[in-house]
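**Student:** Before I ask anything, let me first share the structure, which is written out below as structure tokens.
The values are calculated or read from the model by the stated rules, or taken from the named source; none is laboratory data. Small disclaimer: the values here were computed from a predicted structure and weren't measured. Note: ideal-geometry Cβ built from the backbone for every residue, glycine included; neighbour counts use all protein chains shown. The accessibility values were calculated without ligands, DNA or RNA, using every heavy atom of the protein model including side chains. Shrake-Rupley method; radii C 1.70, N 1.55, O 1.52, S 1.80 Å.
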Amino acid sequence: MNKQLPFSLYPRLTERTDQLIQLRWGVVTGALAASFGADFLFPDSLPMPILIVIAAVITIYNGLFLLYASRLHTTTSKDPERLYMRFANVQIMVDIIALTVLLHFTAGIENPFYLFYIVYITAASILLPRVYSFLYAGFASILFSALVVAEYWQLIPHIHLAGFVSPQRYQRGLYVTVVLFALVGTLFICAHLASAIAEVLRRREKELMESNLSCEVRAGELARLNARLAELDKARSQFIRLVTHELRAPVAAIQSYLRLILDGYVPPERQMEIIQKSERRALEQLALISDLLDLARLQEKRDETEPELIDVADILHGVTDLMQARAEDKDLLFSVEVEPDLPPVRARPEHVKRLWTNLISNAIKYTEPGGIVVVSLLQNPNYVVGVVRDTGIGMMPEQMPRLFEEFYRTEEAKAMERQGTGLGLSIVKRIVESYGGRIWVESEKGKGSKFSFALPKAA
């Protein structure tokens, strides 16, 4: 992005420098027309060949300015503003010199067009920083004063318009002094007023640009927030559909079992079996509701207790004591490896317990009898790292990105174990991330999985 000038001068420079070139064509035409008109009214008073040469010189350098401007518009310079500033300075300076020369050959102080200096001072005030306005006011004052004084002292010849004004006017010291004083004062007052107005306009333009930029930024933020809200609304609707389906299925099953008993379709000897099935479905319902409540609390980040310094190894040993029996029932080789002298982490004990329970119970649940489940706890320079490895059913690579989504279970997992809410790993991920940690998985279909999580060490 191009570096911008103070008060955003760059866009104005590109436009106004082109306008100066266009204006100069009109000035050349007007100067020639005025010269021929003066020559017609006051025959043989003006050196017309010299004026035509001056007009030709202005035309030539204006053509060169036009070529340079067209080249400048396509520049690849990293600082085009500096080039435009220099170009504007050259144009104004050359024009002031050309105007002074033109005034000398068109009666000098007798020519009222010396007021045209005001046009260039105004242009400098609009195009350039304020200091340049006063510099050019001084430059024009010096040039015209030098011209008038040189003609007054007859150091250079004075061209008189016979019949227009008195031939002695340029030699009247008081008149010359008053005209110069008035012109110089006018130029500096014009520089002050025009540059002050230009600065106010630049500040307003800058404020407007900043306001527009702020509005654009806010509009972009609102667009992103709207997109995010749309995504959240879509996710919420999908979540509600999934929850409704998961809650309705067990209730419908329980209601069907009870209706069979109430309508007398179940013989007495099978009623206990149906009641036990109803109880299992009710327990599934309670487990789902419990997981949903845990997930909601984690999403809202609400908890009555504050995180505390805990020993992750102690909580792990408490969980593995409970899991050992389940592993033995499935004839699994179950082992725990804990690195000594592990530092504490800052977390809620019930969260870490839930973390270990979900990961280890999943490993046991989805590992065939005779398989292996290994739980490890170690550390690196910044984290305490937990690892749960198994030789279970594993997963395909395309399944792993969805593994931590709510209610997601692979088809292999559903086939092996019907019971499950699909919320356990989602809860685990939220627990880990709520304490500034991360969780990841490595798996290969038919060869097992390795779940790893890292929790920051307590300061």
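**Student:** Can you tell me the length gained on complete extension of the stretch E433 to W153, counting 0.36 nm per residue apart and subtracting the Cα distance?
**Tutor:** 91.7 nm is the gain from fully extending E433 to W153.
**Student:** How far is it, in nm, from the label point at D331 to the one at E231 when both lie 7 Å from their Cα along the line to the Cβ?
**Tutor:** My value for the distance between the label points is 4.8 nm.
**Student:** Same structure, new question: Over 24 Å between Cα atoms: which of K365/K429; K330/K429; K330/K414; K429/K457; K429/K450 fall into that group?
**Tutor:** K330/K429
**Student:** Turning to a different aspect of this structure: Where the only charges are on Cβ atoms (+1 Lys, Arg; -1 Asp, Glu), what is the dipole of the chain about its Cα centre, to the nearest 20 debye?
**Tutor:** That gives the chain a dipole magnitude of about 1160 debye.
**Student:** Related question: Need one number: nm distance between label points at E368 and D39, each 7 Å from Cα along Cα→Cβ, rounded to one decimal.
**Tutor:** Simple spin-label model gives 11.2 nm for this pair.
**Student:** For V101 and W25 in the same chain, what is the full-extension length gain: residue separation times 0.36 nm, less their Cα-Cα distance, in nm?
**Tutor:** Stretched fully, the V101-W25 segment lengthens by 25.6 nm.
**Student:** Averaged per residue, what accessible area in Å² does the chain show with a 1.4 Å probe, protein chains only? Can you show the working numbers first?
**Tutor:** Numbers: 26040 Å² over 459 residues.
Per residue, the chain has an accessible area of 57 Å².
**Student:** In addition: According to the square roots a ≥ b ≥ c of the eigenvalues of the Cα gyration tensor, what is the shape class of the chain, taking rounded for a/c under 1.5, prolate for a/b larger than b/c otherwise, and oblate for the remainder?
**Tutor:** Prolate, since a/c reaches 1.5 and a/b exceeds b/c.
**Student:** Let me ask you something else. What residue among A415, L332, F42 has its Cα farthest toward the positive end of the dipole of the chain, where the charges are +1 on Lys, Arg and -1 on Asp, Glu, each on the Cβ?
**Tutor:** F42
**Student:** Using a Cα-Cα cut-off of under 16 Å, which aspartates and glutamates could be cross-linked to K206, ignoring same-chain neighbours fewer than 8 residues away?
**Tutor:** E216
**Student:** Given a Förster distance of 56 angstrom, what is the FRET efficiency for N380 paired with N212, based on the Cβ-Cβ distance and rounded to 0.05?
**Tutor:** 0.70
**Student:** Something else now. Give the distance, in whole Å, between the Cα centre of region 72-135 and the Cα centre of region 306-335.
**Tutor:** Answer, in whole Å: 86.
**Student:** Classify region 22-147 from the C-alpha gyration tensor, please: rounded if a/c falls under 1.5, else prolate or oblate depending on whether a/b exceeds b/c.
**Tutor:** Oblate, because a/c is 1.5 or more while a/b does not exceed b/c.
**Student:** Separate question: If Lys and Arg each add +1 and Asp and Glu each add -1, what is the summed charge of the other residues whose beta carbon sits under 13 Å from the beta carbon of A327?
**Tutor:** -3
**Student:** Here's another thing I want to ask about it. Tell me what the chain gives for mean residue ellipticity at 222 nm when only DSSP H runs of n ≥ 4 count, each as -39,500 (n - 2.57), the sum divided by the residue total, rounded to 500 deg cm²/dmol.
**Tutor:** -22500 deg cm²/dmol
**Student:** Testing the spin-label approximation: label points 7 Å from Cα along Cα→Cβ at A223 and V90. State their distance in nm.
**Tutor:** Using points 7 Å along Cα→Cβ, the separation is 4.1 nm.
**Student:** Just check region 308-436 against the gyration tensor rule for me: Cα atoms, a ≥ b ≥ c as the square roots of the eigenvalues, rounded for a/c under 1.5, and otherwise prolate or oblate depending on whether a/b exceeds b/c.
**Tutor:** Note, shape of region 308-436 comes out oblate.
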